[in-house]
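Have a look at the structure below before the remarks.
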Amino acid sequence: MEARALTKVLSAILEQADATGLAVLTADRTERWPEGVLEQLADQRLLVRSTNERGMTCDGCEDACWVEPELRRRADGSSVLVHACEHREDIGLVELDAKRLASWRLDFGALATALASSLHLSGSVEEIVVGRTWRLGERRAQGRRQVVFFAHGLTLEDGQAVAAPTIPSVPDEDSLLLVPSRKPSPQFWPRDSRGVVTIADAIQLGAEGLVLPLDGLASAKSTKRKITVR
């Protein structure tokens with residue numbers, strides 16, 4: 001499995017999460033991934049099984065309609081999903097693979113832990129807003145202590161409500177916020193914008209795990225402090 005394929009898929013999932021707030025992936029999508037990608041993401045626990053979907057793309061013909069099949073019992077006691085085609089008389093009743101109803105979701109908690117491990121941060125990962133923001137830990141940057149956070153979906157309608165309970169634990173200086181692909185508005189995140197880093201285009205994923213080459217992504221902050229003399 002090439003690391004490039006894994007990285008490309010993970011980057012697309014991260015962008016989806018920031019754009020829509022959803023990170024659920026149906027079988028119709030995962031089937032289009034290169035062979036082995038789903039298994040690798042699952043083995044690294046970044047993707048976990050979600051609740052089953054109600055619908056799927058019908059593969060009975062080239063029209064690829066979205067349908068909600070019906071579960072029926074065969075004479076031998078086995079189960080089968082069927083859909084009666086209403087658009088073409090030559091199709092009739094279509095049997096569909098029940099495995100294609102399975103869906104997966106990105107486990108943001110596991111991603112937060114993987115990011116902290118990749119950056120070799122000290123301290124434990126702490127979830128602040130359930131499923132949305134985390135304090136990943138601390139590191140030394142330019143000889144100074146820096147606290148690192150991770151959040152997603154801060155540009156959505158509920159972004160301000162998500163950011164608000166997180167801000168009190170974020171230092172005014174020497175903090176770093178990792179977001180998937182979209183930086184929040186200064187009104188939502190009133191901290192130095194140089195301390196907000198989008199990771200979708202920088203993150204790397206291989207069979208050995210996740211890597212985030214952070215050096216060079218975050219703009220250097222001046223260590224000089226203004227002194228007022230009266």
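Brief remarks on what is shown
- Shown here for segment 46-134: trypsin sites (Lys or Arg not before Pro) in loop regions (DSSP other than H, G, I, E, B) with at most 16 other Cβ atoms within 10 Å, namely ARG54, ARG74, ARG88.
- Alpha-carbon geometry of segment 154-197: the Rg and the Dmax are 9.6, 28 Å, given in that order.
- Rounded to two decimals, the Cα-based Rg/Rh of segment 135-178, with Kirkwood Rh, is 1.03.
- Fully extended contour minus Cα-Cα distance, from ARG54 to VAL24, at 0.36 nm per residue: 9.5 nm
- Dipole of the chain, positive end: most advanced residue of SER118, GLN142, GLN187 [Cβ charges, Cα centre]: GLN142
- Cα pair distances of segment 1-154 binned at 5 Å [whole percent]: 2, 8, 14, 15, 15, 13, 10, 8, 6, 4, 3, 2, 1, 0, 0
- Whole-percent carbon and sulfur share, accessible surface of the chain, 1.4 Å: 47
- Accessible area (Å², per residue) of segment 22-118, counting only protein heavy atoms and a probe of 1.4 Å: 61
- Values of log10 I(q)/I(0), in the order q = 0.17 Å⁻¹, for segment 74-230 under a Debye, Cα-only, solvent-free model: -0.98
- VAL80-LYS8 FRET efficiency (beta carbon distance; Förster radius 35 Å; 0.05 resolution): 0.50
- If R0 equals 30 Å, the separation of the Cβ atoms of ARG88 and GLU31 corresponds to a calculated FRET efficiency of about 0.85.
- Principal axis extents of the C-alpha atoms in segment 38-127 (largest first, rounded to whole Å): 64, 31, 22.
- Peptide ranges 58-66, 35-43, 9-17 listed from the most packed, as the mean C-beta count within 10 angstrom indicates: 9-17, 35-43, 58-66
The values are calculated or read from the model by the stated rules, or taken from the named source; none is laboratory data. In this text, all values refer to a predicted model and were calculated from it rather than measured experimentally. Every residue, glycine as well, gets a Cβ built from its backbone with ideal geometry; the counts of neighbours run over all protein chains shown. Heavy atoms of the whole protein, side chains included, go into the accessibility calculation; ligands, DNA and RNA do not. Shrake-Rupley method; radii C 1.70, N 1.55, O 1.52, S 1.80 Å.
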